[in-house]
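Notes for the one structure printed next.
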Amino acid sequence: MGDYRAIATITATLRSMLQDLAQVVVPGAVVQVGPPSPTAVDPSRPTVRIFLYAIAPSPHLRNFSQPYRRSDGSLENVPTLPLRLHYLLSFFGDEGQLSQHLLLGAIATLLESQPVLLSRDLAGVEQASAGQGVNLLGALPEEELDQVRFVLEPLTHEELTRLWTIFSQVPYALSVAYTASIVLLRPSLQQAPTLPILQPHLMVSAAPAPSLDSIEPETLDPSAPRAVRLRGPGLGQPDAVARFGGRETKARTLDRDSLLAEVPAGTPAGLCFVSVAMPAGSPSGNSVVLRLPPRIAGPIRIDRRAGPNGAQIRATVDVEPPCASGQRPALLLNDAANPGASAFRIEGPWLQGDADELQFDLRRVPIGRYLARIELGEVSSRLDADTDSQSPTYQRFTGPLLEVA
């Protein structure tokens with residue numbers, strides 16, 4: 001896989017291949033890189049202009065390297081970006097001598113019979129780049145040359161017209177489009193090797209891993225007891241334990257197929273993966289998801305201070321249970337008077353540790369009173385609703401409120 005220099009290497013190698021051919025077909029012809037521009041071309045010299053006018057991700061390989069980070073943020077594999085490069089080849093020269101037509105025919109024949117880059121051209125480009133102050137050595141591994149193929153991209157008259165409209169005041173020149181794919185780019189990230197096994201541990205179990213079918217409730221009410229019911233065939237064993245993320249707690253048998261377990265204190269808000277093991281210390285079975293909505297605790301504090309780019313307005317929100325490291329909370333705001341009139345979503349920073357206090361930048365939020373919620377992934381805090389039938393705000397949301405003045 002190539003690094004960030006791979007695109008430049010492919011363009012330079014294509015220029016080298018076409019330059020050798022152009023000199024044979026039309027002596028004195030040159031191949032240049034850049035958009036079609038008659039002012040940059042010697043009218044007495046036949047010229048081919050190579051212009052990379054667009055790139056696009058490959059739809060077939062777009063997600064083949066995901067996910068590439070572990071839950072703790074460490075690198076599991078290097079992310080890869082598969083690209084398609086769109087080139088426009090334009091031909092300039094003496095129409096009377098048909099030099100453009102000769103060059104077009106020869107180049108189209110070459111790219112049809114030899115659609116991949118040649119290793120000798122790649123080696124020549126790498127050596128030449130060293131003398132020009134541009135280091136392309138090793139940017140594109142030789143074993144990946146056959147993956148980069150040039151394919152004729154037929155353009156209709158309408159597509160050609162749209163393409164040439166981007167060249168302001170440039171007369172049309174004989175042109176043809178080619179697509180180069182697949183170009184694989186990867187960042188310069190080093191994947192940490194897996195640690196060796198310090199001590200082998202053999203575990204023998206007479207029974208298969210327990211199967212967990214469902215959890216009740218699926219979303220835990222912050223104001224309700226923190227007990228959940230776990231259901232699965234044969235799950236109600238006296239030695240069963242429930243695991244909530246990285247926390248383990250003893251489960252109580254309700255019947256043959258269900259357990260009752262308390263959500264351990266300190267379990268962070270958001271999505272929590274729950275599994276069952278029996279006995280304690282043995283491998284757990286499959287997981288189900290428990291939603292733990294955060295709760296806004298106390299009034300939201302507004303802090304104003306002067307900054308280099310003007311006044312800064314920041315909201316500080318206390319939440320419980322705390323948010324876990326690696327999560328990215330968001331602040332959801334709806335106009336308190338008319339919740340459907342205006343709404344805002346403000347992303348907070350990625351958390352570097354467990355936090356029960358979150359901060360959000362309010363500089364782009366207009367003056368007003370807003371209903372506020374905290375969102376963690378697919379889980380958001382609840383709004384307060386007026387249940388007093390005698391109140392003028394009966395069956396309406398009343399808080400938590402954030403006021404931007």
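Give the peptides 390-396, 316-322 in descending order of average Cβ contacts within 10 Å, highest first.
Numbers: 390-396: 9.6, 316-322: 18.7.
Ranked by mean Cβ neighbours within 10 Å, highest first: 316-322, 390-396.
A simple packing score, the average count of other Cβ atoms within 10 Å per residue, orders the peptides 249-260, 86-97 as 86-97, 249-260, with the highest score first.
Potential lengthening of the chain between ASP94 and ASP20 amounts to 24.6 nm, from the contour at 0.36 nm per residue minus the alpha-carbon distance.
Taking the Cα centre of the range 295-404 as origin and charging only Cβ (+1 Lys, Arg; -1 Asp, Glu), how large is the dipole, in debye to the nearest 20? Spell out each step's value before the answer.
On the way: 13 positive and 15 negative charges, 90 e Å.
Taking the Cα centre of the range 295-404 as origin, the dipole is about 440 debye.
Built from the Cα atoms of the range 214-292, the convex hull projects on average onto 4.6 nm², one quarter of its surface area.
Modelled label positions at LEU155 and ALA108, each set 7 Å beyond Cα in the direction of Cβ, lie 1.4 nm from each other.
If each residue of separation counts as 0.36 nm, what is the full-extension length gain between ALA224 and HIS101 once their alpha-carbon separation is subtracted?
36.3 nm
Within the chain, helices built from complete DSSP H runs that reach 24 Å or longer along their own axis (Cα positions) and carry a mean Kyte-Doolittle hydropathy of -1.0 or higher are 6-25.
Each label point was placed 7 Å from the Cα along the Cα-to-Cβ direction; for SER282 and ILE302 their separation is 5.8 nm.
Determine the sum of side-chain charges near LEU152: Lys and Arg each +1, Asp and Glu each -1, restricted to other residues whose C-beta is under 14 angstrom from that of LEU152. Numbers along the way, then the final one.
Values: positive: ARG84, ARG149; negative: GLU112, GLU153, GLU159.
Once all neighbours under 14 Å are counted, the net charge is -1.
Each label was represented as a point 7 Å from its Cα along the Cα-to-Cβ direction; for LEU254 and GLN352 these points are 4.3 nm apart.
Which translational diffusion coefficient, to the nearest whole µm²/s, is obtained for the range 295-404 from the Stokes-Einstein equation, given a Kirkwood hydrodynamic radius over C-alpha pairs, 20 °C and 1.002 mPa s? Write down the numbers at each step before the final one.
Working: Rh = 14.8 Å.
Diffusion coefficient, whole number: 145 µm²/s.
Put a plus charge on the Cβ of each Lys and Arg, a minus charge on the Cβ of each Asp and Glu, and nothing anywhere else: the dipole of the range 6-185 about its Cα centre is then about 320 debye. If you wrap the Cα atoms of the range 6-185 in a convex hull and average its projected area over all directions, you get 12.7 nm². When each of the peptides 365-374, 176-185, 109-118 is scored by how many other beta carbons lie within 10 Å of its residues on average, the order from highest to lowest is 176-185, 365-374, 109-118. Shown here for the range 336-400: GluC sites (Glu not before Pro) in loop regions (DSSP other than H, G, I, E, B) with at most 12 other Cβ atoms within 10 Å, namely GLU378. When only alpha carbons of the chain are considered, Rg and Dmax amount to 31.9, 95 Å.
Just so you know, all these numbers are worked out from the coordinates, no wet-lab data involved. Predicted model only: the values in this text are computed from it and were never measured. For neighbour counting, all protein chains shown are included, and Cβ atoms are generated from backbone atoms with ideal geometry for every residue, glycine included.
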